[in-house]
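First the structure, in the form of structure tokens, and then the observations on it.
The values are calculated or read from the model by the stated rules, or taken from the named source; none is laboratory data. It should be emphasised that the depicted structure is a prediction, and the values quoted were computed from it without experimental measurement. Ideal geometry is used to build each Cβ from the backbone, glycine not excepted, and the neighbour counts take in all protein chains shown. Areas reflect the complete protein model, heavy atoms only, side chains present, ligands, DNA and RNA absent. Shrake-Rupley method; radii C 1.70, N 1.55, O 1.52, S 1.80 Å.
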Amino acid sequence: YILTRGLEKNFTAINMEKAPEDVEAIVVLAGGAEGPSKNREFAELGGASWRRFWRGIELYRQFEGRLPLLYSGGSGDPFIPFTGEAALARSYAVASGISEEKFWIESGSRTTWESAVALKPFLDTRFPNNKQHQIILVTSARHLPRSLAMMRRVGIEALPAPADFSGADLRWSPFSFLPSADAFTDSAASLHEWLGLVAY
């Protein structure tokens, strides 16, 4: 709880009425997907990716389709060659009624830093008259501190739009003192973010 809360506590939902008019796009950072295999006949977005993707769809509709959706990221594992996550997300978006022209993809990046580096020229090409790019950034709440820092580093101003929250309210019960798989997973993911901040 302490590890996760420290990462997630400063982020709230985007207020449509207060969002600046010069926002160019809603950027959703990839969170992992699995390609077809012997036991899986079709590709699937991972849990974090699906929650990020759906938050992006909600924001797209909240802004009444005025802002394009940009899904950024490929395979984060050099030993797993599947890089179709962004294209898979686009197929889901099109199936939900969003036109391909409004759903852009960047599928070459493998890390948060590579996403930030790739997004800068992507936005330069799409918005050549804008010297300062501004986006709404959708990712897991605990991933926002690191991803916002990366965007600032490359010169992109990003408004945080958290998704995939893991830090539940702290409630005490006898089970609070027993180890659990969920607590272990949350702790490991949060430590990954804290160590990532230090490393970057």
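Probe radius 1.4 Å, ligands and nucleic acids left out: which of TYR71, TYR200, TYR60, TYR92 has the largest accessible area, and how do the rest follow? Walk me through the numbers on the way to the answer.
Values: TYR71 0, TYR200 110, TYR60 30, TYR92 70 Å².
If we order TYR71, TYR200, TYR60, TYR92 from most to least accessible, we get TYR200, TYR92, TYR60, TYR71.
Per atom type, the range 151-193 shows carbon and sulfur on 62% of its accessible surface, probed at 1.4 Å. Placing R0 at 41 angstrom, the Cβ-Cβ distance between GLU101 and ALA188 gives a FRET efficiency of 0.55 after rounding to 0.05.
Tally Lys/Arg at +1 and Asp/Glu at -1 over every other residue whose Cβ is under 11 Å from the Cβ of TRP194; what's the total?
Details: positive: ARG142, ARG146; negative: GLU193.
So the surrounding residues net to +1.
Using a Gaussian network model of the chain in which every pair of alpha carbons under 10 angstrom is joined by a spring, one finds that among VAL28, VAL138, VAL117 the greatest mean-square fluctuation is at VAL117. In this view, the solvent-accessible surface of TRP194, computed with a 1.4 Å probe and all protein chains in place, comes to about 100 Å². Modelled this way, with points 7 Å down the Cα-to-C-beta line, the labels at ARG171 and GLN132 are 4.4 nm from one another. For the range 35-150, the spread of Cα coordinates along the three principal axes comes to 48, 31, 27 Å, biggest extent given first. With all protein chains kept in place, the per residue accessible area of the chain amounts to 57 square angstrom at a probe of 1.4 angstrom. Accessible surface for LEU197 stands near 60 Å², nearest 10, in the context of the full protein assembly shown (1.4 Å probe). Computed with a 1.4 Å probe over protein heavy atoms only, the accessible area of PHE184 comes to about 150 Å².
Mean-square fluctuations from a GNM of the chain, with a 10 angstrom spring cutoff on Cα atoms, peak among GLU64, GLU34, GLU100 at GLU64. Site pair VAL154 and SER180 shows an inter-label distance of 3.7 nm when each label is modelled 7 Å from Cα along Cα→Cβ.
Across PRO160, PRO179, PRO145, mean-square fluctuation computed from a Gaussian network of the chain (C-alpha pairs under 10 Å connected) peaks at PRO179.
Taking GLU8, GLU21 and ordering them by how much accessible surface each has at a 1.4 Å probe, largest first, produces GLU21, GLU8. Within the same chain, aspartates and glutamates fewer than 8 places from LYS120 are excluded, and of the rest, those with a Cα less than 13 Å from its Cα are GLU24, GLU106, GLU157.
Taking only the Cα atoms of the range 143-185, the radius of gyration and Dmax are 16.1, 48 Å.
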